[in-house]
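Chemist: First the structure, which I've put down as structure tokens, then a few questions once you've had a look.
Every number in this text was worked out from the coordinates using simple rules, so none of it is lab data. This structure is a prediction, so every number in the text was calculated from the model and none was measured. Here the Cβ is made from the backbone with ideal geometry for all residues, glycine too, and neighbour counts use every protein chain on show.
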Amino acid sequence: MSEKIQSLRGMPDILPLDAPVWQYLERTAAAVLSSYGYAYLGTPLLESTALFTRSIGAATDIIEKEMYTFADRNNESVSLRPEGTASVVRAMLQHGLLQTPGQKVWYQGPMFRYEKPQRGRSRQFHQIGAEVFGLAGPDIDAELLAMSARLWEVLGISGNLRLEINSLGSATERQRYRQHLHDWLALHKAELDDDSLRRLETNPMRILDSKNPDMQALIGAAPKLFDHLGDTSREHFDQLMAILDCMNISWQHNHRLVRGLDYYTHTVFEWVTDDLGAQGTVCAGGRYDGLVELHGGAAIPGIGFAMGQERLVALLQQLPQDFARQPDVYLIIADQSLQQQAIVLAEQLRDQLPELRLLTNMGGGSMRAQFKRADRSKAQIALVLGADEWATDQITVKWLRNQQDQVAVSLQELGKWLQQNLNS
């Protein structure tokens with residue numbers, strides 16, 4: 001017997017038992033995003049490696065340690081996408097979609113990073129993201145945050161999340177602060193752990209993200225980026241906060257909040273929960289006003305976010321809610337000689353009622369066995385088709401979830417009867 005092949009570590013399956021909550025999340029997010037005028041944009045999983053090194057920055061953990069990169073048969077370096085924004089920018093430029101300010105798009109799908117698998121973090125993970133191009137003001141920042149807050153409300157998890165926000169200022173201000181932070185941290189080398197020592201010369205701002213308990217006192221004493229911002233950056237931040245206050249969206253100013261990718265400027269934010277342990281960030285994003293230009297386009301501002309589906313699914317699974325869409329009808333075939341007629345009837349009902357969730361008994365079985373299957377399916381109604389029913393052009397309708405009496409319904413009127421009585 002051949003050895004069973006297992007899935008790769010950190011690349012889990014989504015099983016049928018868990019699929020309903022994933023589908024609920026995706027349906028709900030698509031509806032909310034669409035209501036704000038976002039159009040879906042799909043990008044490939046595999047891109048030129050240069051797309052990500054240019055966008056993300058060569059001196060980041062993603063590029064240095066986490067990307068799945070290999071040479072294809074033409075000896076060109078390609079990578080599985082580790083995040084979605086770079087691919088969206090590439091697609092928008094390639095297809096000439098940035099001619100009009102205010103372009104809004106969203107995406108969904110798997111991303112890939114080679115890191116230690118743990119709760120809420122896999123090597124193949126899934127994100128839903130939204131991006132806006134051509135608008136530089138705090139108004140679109142506020143709308144983006146309002147849209148995410150509305151999504152949490154619709155999903156029923158708003159009470160589990162808090163908004164943390166900061167400003168990174170302009171690219172010039174950020175670079176100036178980065179050098180100042182480097183010089184300050186260099187004076188405290190003896191207090192840095194090995195990971196921070198490595199980041200000191202490549203990306204010192206990432207040291208502020210360290211979760212090492214022994215580093216927290218030093219991080220708390222480090223210079224604050226916000227203290228190095230100019231008047232324009234502060235005004236943008238203050239206006240954004242004022243709009244959020246008017247919309248009654250609670251926020252916390254987290255001075256230590258930075259993004260791990262080099263292309264962020266001005267507004268950065270995270271929606272955070274305390275219900276998932278260390279992996280508490282479920283949505284993160286911010287403004288990236290120089291990214292389009294970095295990829296050869298005009299100086300077009302942009303802002304967006306990405307939501308981690310695995311973490312949102314984990315929050316949703318804590319709710320007392322059944323996300324599965326149960327069948328409406330189970331068709332029982334009392335006389336197996338009517339199997340063909342039963343299949344035809346089921347297709348006719350689907351033609352009449354496209355939203356009907358109908359299961360037809362397959363594989364035969366006694367009436368008792370079929371009723372057991374019908375009950376396990378959690379359908380509301382069992383339709384029983386037997387020789388007597390077929391001879392009189394009728395079908396027997398039996399309720400499975402309440403005590404209503406069974407009735408006989410004309411086959412010609414069955415579609416209308418189901419439409420009137422299901423969920424009533």
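Chemist: Working carefully through the options LEU8, LEU93, find the one that is part of a loop (DSSP other than H, G, I, E, B) and not charged (D, E, K, R).
Modeler: Among LEU8, LEU93, only LEU8 is part of a loop (DSSP other than H, G, I, E, B) and not charged (D, E, K, R).
Chemist: Report, by residue number, each residue of the range 198-217 that is assigned to a helix (DSSP H, G or I), more than 19 Å from LEU168 (Cα to Cα) and not aliphatic (A, V, I, L, M).
Modeler: ARG198, GLU201, PRO213, ASP214, GLN216
Chemist: If you take the residues of the range 241-256 that are touching a Leu at 6+ places or on another chain (Cβ under 8 Å) and of a type in the set (A, V, I, L, M), which of them is farthest from GLY169 (Cα to Cα)?
Modeler: Among those residues, the one meeting the criterion is ILE249.
Chemist: Anything in the range 107-142 that is of a type in the set (Asp, Glu), surrounded by fewer than 18 Cβ atoms within 10 Å (Cβ to Cβ) and outside any loop (DSSP other than H, G, I, E, B)? List them, or say none.
Modeler: The one that is of a type in the set (Asp, Glu), surrounded by fewer than 18 Cβ atoms within 10 Å (Cβ to Cβ) and outside any loop (DSSP other than H, G, I, E, B): ASP139.
Chemist: Now for a separate question. Count, please, the residues in the range 350-381 that happen to be over 34 Å from the mean Cα position of the chain (by Cα), part of a loop (DSSP other than H, G, I, E, B) and of a type in the set (A, V, I, L, M).
Modeler: The qualifying residues number 1.
Chemist: In the range 310-329, is there at least one residue being under 30 Å from GLY84 (Cβ atoms), outside any loop (DSSP other than H, G, I, E, B) and of a type in the set (Lys, Arg)?
Modeler: yes
Chemist: Output the residues belonging to the range 25-59 that are in a loop (DSSP other than H, G, I, E, B), in contact with a helix residue (DSSP H, G or I) (Cβ under 9 Å, 6 or more places away or on another chain), in contact (Cβ under 8 Å) with a residue 60 or more places away in the chain and among the small types (Gly, Ala, Ser).
Modeler: Result: GLY42, GLY57, ALA59.
Chemist: Restricting the search to the range 325-349, which residues are surrounded by 14 or more Cβ atoms within 10 Å (Cβ to Cβ) and either under 30 Å from ILE128 (Cβ atoms) or among the small types (Gly, Ala, Ser) (or both)?
Modeler: Correct list: PRO327, ASP328, ALA334, ALA342, ALA346.
Chemist: For the subset of the range 292-309 comprising residues that are part of a strand (DSSP E or B) and more than 12 Å from the chain's Cα centre (by Cα), which member is surrounded by the fewest Cβ atoms within 10 Å (Cβ to Cβ)?
Modeler: GLY304
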